[in-house]
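> This is the structure, below, for whatever I ask next.
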There are 2 protein chains.
Amino acid sequence: MTKVASPRGVVRERVLAAALELFAENGISGTSLQMIADRVGVAKASVYYQFHTKEDIVLALMRPVFDDIARLVKIAEAVDSAGARRDVAISGLVELAVRNRDLTTVFFGDPAVDGLVRSREEFAAAVDGLNTLLLGASPDDQTRVAMSVLTAGIYGTAINPHLADLSDDDLHRLLLETMKRLVTALCSGDSSGPAADQVDQ
Amino acid sequence: MTKVASPRGVVRERVLAAALELFAENGISGTSLQMIADRVGVAKASVYYQFHTKEDIVLALMRPVFDDIARLVKIAEAVDSAGARRDVAISGLVELAVRNRDLTTVFFGDPAVDGLVRSREEFAAAVDGLNTLLLGASPDDQTRVAMSVLTAGIYGTAINPHLADLSDDDLHRLLLETMKRLVTALCSGDSSGPAADQVDQ
């Protein structure tokens with residue numbers, strides 16, 4: 001303990017960690033700032049000093065993930081073929097979902113989160129960029145459904161409590177292997193798929 | 001309006017419909033019996049007369065779905081080949097998830113629901129039967145991950161708000177087509193897959 005340590009930063013990190021625990025236990029709607037303060041063991045005013053609303057806490061937890069998505073989009077957009085761009089997006093999503101298993105568990109499928117994402121221009125831009133990588137510019141309905149299955153499959157598997165016995169490394173390897181086979185199946189020999197430029201069988 | 005109409009049955013249906021709306025808006029944790037009573041426009045005591053706890057309401061909403069799952073398991077178990085049993089389970093899940101899009105939206109991924117399912121022996125038995133159909137008796141980790149991707153892909157696509165423009169019929173057709181291609185990709189030419197008895201390429 002030195003004077004250099006920042007109590008403000010420490011409380012902030014403890015609030016975020018406690019909020020993530022409580023969101024996992026009760027959902028975001030079922031968690032209050034008071035519950036978060038109680039879990040940290042500080043007064044509600046101390047939480048309020050860091051975050052004025054519960055939404056601010058959710059956004060602070062989500063920001064690093066969306067920063068990663070924005071970087072992934074930037075990297076993938078520099079790739080020439082549409083098929084390769086989609087492959088980068090898929091393997092990037094697998095990496096993100098597995099590395100952030102605890103966050104994915106809390107945020108995936110929560111009705112409040114979609115609205116929050118849409119309310120932040122930079123988050124919405126990252127999601128839109130990712131969707132364009134996965135779907136192409138004007139996807140048909142079959143492509144939209146197929147890509148929904150793949151992305152929901154990634155997120156849903158990262159948060160599957162029945163796979164909690166798998167280490168992050170094992171889950172990453174097995175999920176990536178699965179996705180490669182699935183993407184090949186969906187995008188090969190189908191002229192309507194987003195990777196039609198890549199495959200000709 | 002005749003004397004034959006049952007006010008008790010009518011209130012019960014209105015409570016269930018209001019609860020489903022509120023669960024979709026606020027999550028299960030974020031919904032109280034009082035909120036449900038307010039939405040129906042009755043006193044809390046009238047709700048309490050039908051359902052003593054919020055969990056009773058959740059169970060009443062889930063019961064028809066689990067009855068359907070139990071029937072699906074019974075039908076599929078009578079099929080001889082493991083591969084065909086798995087195909088029946090997948091197409092049954094697609095039908096269930098799309099027909100119950102509103103219920104799937106509320107219940108899929110809610111941390112409270114998994115515990116409730118486990119607490120009811122008949123629900124847990126239906127889920128275990130379905131998992132055995134999908135996975136076989138002693139699945140390896142690759143099979144567990146692959147089947148998690150397929151089932152999460154089905155549920156996650158049925159609840160995807162970005163596909164709300166698709167009719168139930170269109171979504172069912174497109175999702176089933178997608179799943180057939182994916183199942184073929186995962187289960188063909190892999191001796192470790194649950195359908196290894198079926199395919200030899």
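The values are calculated or read from the model by the stated rules, or taken from the named source; none is laboratory data. These numbers come from a predicted model, not from an experiment. When we count neighbours, we look across all protein chains shown, and the Cβ atoms used for this are built from the backbone with ideal geometry, even at glycine.
> If I filter the stretch B:13-29 for residues that are of a type in the set (S, T, Y) and closer than 25 Å to A:G30 by Cα, do I get at least one hit? Give the steps one after another, and end with the answer.
Filtering the stretch B:13-29 for residues of a type in the set (S, T, Y) gives B:29.
Filter again for closer than 25 Å to A:G30 by Cα, leaving B:29.
Scanning the stretch B:13-29, I find at least one residue that is of a type in the set (S, T, Y) and closer than 25 Å to A:G30 by Cα, so the answer is yes.
Rundown of residues vs (1) at pLDDT 90 or above; (2) exposed (fewer than 14 other Cβ atoms within 10 Å of the Cβ); (3) in contact with an Asp or Glu (Cβ under 6 Å, 6 or more places away or on another chain), yes/no style:
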site: A:V10; (1), (2), (3): no, yes, no
site: A:A24; (1), (2), (3): no, no, no
site: A:V40; (1), (2), (3): yes, no, no
site: A:L93; (1), (2), (3): yes, no, no
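> Can you name the residue in the stretch A:121-169 that is more than 12 Å from chain B (Cβ to nearest Cβ) and more than 18 Å from A:I90 (Cα to Cα) and, of all such residues, is surrounded by the most Cβ atoms within 10 Å (Cβ to Cβ)?
A:F123
> Which of the numbered conditions does A:A97 fail, given that it passes all the others? Conditions: (1) over 26 Å from A:G153 (Cβ atoms); (2) in contact with a Ser or Thr (Cβ under 7 Å, 6 or more places away or on another chain).
All conditions are met except number (1).
> Right, next: Using beta carbons and a limit of 9 Å, which pairs, at least six apart or on different chains, have the first residue in the stretch B:112-126 and over 17 Å from B:R71 (Cα atoms) and the second one surrounded by 14 or more Cβ atoms within 10 Å (Cβ to Cβ) and among the hydroxyl-bearing types (S, T, Y)?
B:A112/B:S29
> As an exercise: evaluate B:R63 against (1) surrounded by fewer than 18 Cβ atoms within 10 Å (Cβ to Cβ); (2) away from chain A (no Cβ under 14 Å); (3) in contact with a helix residue (DSSP H, G or I) (Cβ under 7 Å, 6 or more places away or on another chain) and give the number of the one condition it does not meet.
(3)
> Same structure again: Condition first: more than 14 Å from chain A (Cβ to nearest Cβ) and closer than 26 Å to A:A112 by Cβ. Can you find one or more residues in the stretch B:100-114 that meet it? I'd like the intermediate steps shown before the answer.
First, pick out the residues of the stretch B:100-114 that are more than 14 Å from chain A (Cβ to nearest Cβ): B:100.
Now restrict to residues that are closer than 26 Å to A:A112 by Cβ: B:100.
For the stretch B:100-114, residues more than 14 Å from chain A (Cβ to nearest Cβ) and closer than 26 Å to A:A112 by Cβ: present.
> Return yes when A:D80 is exposed (fewer than 13 other Cβ atoms within 10 Å of the Cβ) and either under 15 Å from the mean Cα position of the chain (by Cα) or not in a helix (DSSP H, G or I) (or both) and no when it is not.
Details: exposed (fewer than 13 other Cβ atoms within 10 Å of the Cβ): yes; either under 15 Å from the mean Cα position of the chain (by Cα) or not in a helix (DSSP H, G or I) (or both): yes.
So A:D80 fits the description; yes.
> Of the residues B:G30, B:G92, B:G83, which single one is without any contact (Cβ under 8 Å) to a residue 12 or more places away in the chain and of a type in the set (G, A, S)?
Unique residue meeting the criteria: B:G30.
> From the list B:A45, B:A37, which residue is under 30 Å from A:I28 (Cα atoms), small (G, A, S) and in contact with a Phe, Trp or Tyr (Cβ under 9 Å, 6 or more places away or on another chain)? Can you show your working first?
On the way: B:A45 fails: in contact with a Phe, Trp or Tyr (Cβ under 9 Å, 6 or more places away or on another chain).
Result of the check over B:A45, B:A37: B:A37.
> State all residues of the stretch B:109-120 that are surrounded by fewer than 20 Cβ atoms within 10 Å (Cβ to Cβ) and outside any helix (DSSP H, G or I); if no residue qualifies, say none. Working first, answer last.
Taking the stretch B:109-120 first, the residues surrounded by fewer than 20 Cβ atoms within 10 Å (Cβ to Cβ) are B:110-120.
Of everything in the stretch B:109-120, those that are surrounded by fewer than 20 Cβ atoms within 10 Å (Cβ to Cβ) and outside any helix (DSSP H, G or I) turn out to be B:D110, B:R120.
> Consider B:R14 against the criteria (1) crowded, with 18+ Cβ neighbours inside 10 Å; (2) at pLDDT below 85: it satisfies all of them except one. Which criterion is unmet?
(2)
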